[in-house]
1. Cα convex hull of segment 157-298: how many Å³ per residue?
2. Please find, in a Gaussian network model of the chain (springs between Cα atoms separated by less than 10 Å), the residue of PHE269, PHE78, PHE317 whose mean-square fluctuation is greatest.
3. Looking at (1) 61, 51, 40; (2) 58, 56, 41; (3) 62, 47, 41, which value of Cα extents along the principal axes in Å comes from a calculation on the structure shown?
4. What lysines does LYS93 reach when the alpha-carbon gap must be under 17 Å and sequence neighbours fewer than 8 apart in one chain are set aside?
5. Over the chain, calculate the relative contact order: mean separation of alpha carbon pairs under 8 Å at least 6 apart, over the residue count, as a percent.
6. Go ahead and estimate [θ] at 222 nm for the chain from helices alone: -39,500 (n - 2.57) per DSSP H run with n ≥ 4, summed, over the residue count, rounded to 500.
7. Give me the percent of the accessible area of segment 218-337 that comes from carbon and sulfur atoms, probe 1.4 Å, all protein chains in place.
8. Springs between alpha-carbon pairs under 10 angstrom, Gaussian network model over the chain: which of PRO23, PRO138, PRO231 fluctuates most?
Amino acid sequence: MFSQPETGFGYGLVVLPVWRFGPDTMVRKSNARLLAWRTQNSQSLVQLTHNVFTPGEQFLVTGELSYYYKFPINYYGFGTTTSRADKSVIEYKLFIINQRVLRQVKRNVFAGLQYRLTNLRDVQVNKHIDPGLPTERPSLLLARPEREYRQNSLVSGLGPSFLYDGRDNILSTFRGNYLEFSALFNGSALGSGYHFNRFVVDARHFQPLRPTSKTILATQLLGQFHTGNVPFRELANLGGEKILRGYYEGRYRDRQLLALQAELRRPLFWRLNGVVFGSLGQVGNALADLSRNELKASGGAGIRFKYNRRDRLNIRFDYGFGRDGSNGFYFSIGEAF
C-alpha cells in the first residue's frame, strides 16, 4: 500500500530481491524491483527496475521496463509561470524501455551505452477541471503541436553514459559519492518520431556530519538539458517523490532543469530513522531562463522504517510542501536519492 500526490492511495504487489554475485564481499549487492499496482485514480503500472553488479563489478547493468495503462495525470502546461488554476487531466498508455550497460574502467568508474524507448499511445485530453473557475477551459496541452496528442508518439534514443559510483550501499548510502554524465540522441535512424537530444548530470554526496556521528548529510545536484524538438512527455519535470517533494510531478516542466536537494538522516530508536529535507529548483526554455525567475522551493520531513536491516532497505514516509502552497504525503520503498 502506498500514497503519493500523483496517485492518491494505491495498492499492489512488489518483489524486492537483493543479492551478491560470488563470495567477494567487496562486490556491492545487486537489487531489483518487480511491482504491479493500481490506484484510487484508476492508474495502473507494471514495472521492473534493476541495478546489477556482475562478479568483480566488471559490469554494471541498470534499467527499467514499465507499462502505464490508462494513466491519468494532472497537466499544468509548461514553463515557470503556470498556476494551479491551469490544471487539467490527461490520460494515456505508456511503454518504457530504459537500459544501460556499463563496463568498469577502474574501481568505481564505469563507462558504456544507454538506450531508451518510450511509446506513448491513446492520449485523451479532458477539459479543465478546476472547481473554483466559473467556466471550464480547454487543457493547455491543446496549445502544443497537434501530433503530440492526436498521434501515437515513439521516442527512441541511444547515447554514452559515464558513471562514478563510490557509494557504500546503493539502497541507503551512509558515505560515498555518485557522479553521472549521460547523453541520449533521439532520431529517425533509431525509429524515433522526434529529433532531440538529452544531457543529464547527476552529482550526489553522502557523509556523516562527524567521523563518529550517526547523522548523515546527503546532497544531490541534478541537471537535465535538451536541444531539438522535445514532446511534452519528454520535457524535464520538477516535482514528485524524487525531486522537490511537495510539488506534483510535472507541476513545472520545460526543456531545461536544474535542481538541488539536501537531507539530514538520523537514527531515532528501534528500526526508525528520521529525515528532514529541502530542495531548490527551476525549469526554463533556455539555459539563461534558469536564472531569470524565482526559484521553486520545497521542504519537509519524514520517517524511515528499516524492514530489511541487513541490506538497509527502508519503507519511506515523507511529507513535503512547496512555496506556492503545494503539499504532498509520500509512502513508498527506498530513499529518494
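The values are calculated or read from the model by the stated rules, or taken from the named source; none is laboratory data. Because the structure is predicted, anything quoted here is derived from the model rather than measured. Neighbour counts are summed over all protein chains in view; Cβ atoms, including those assigned to glycine, are modelled from backbone coordinates with ideal geometry. Areas reflect the complete protein model, heavy atoms only, side chains present, ligands, DNA and RNA absent. Shrake-Rupley method; radii C 1.70, N 1.55, O 1.52, S 1.80 Å.
1. Values: hull volume 18.3 nm³, N = 142.
It comes to 129 Å³ per residue, whole-number rounded.
2. PHE269
3. Structure-derived value, by its label: (3).
4. Those lysines meeting the cut-off are LYS70.
5. 11
6. Values: 1 runs with 4 residues, N = 337.
It comes out at 0 deg cm²/dmol, rounded to the nearest 500.
7. 60
8. Greatest mean-square fluctuation among the candidates belongs to PRO23.
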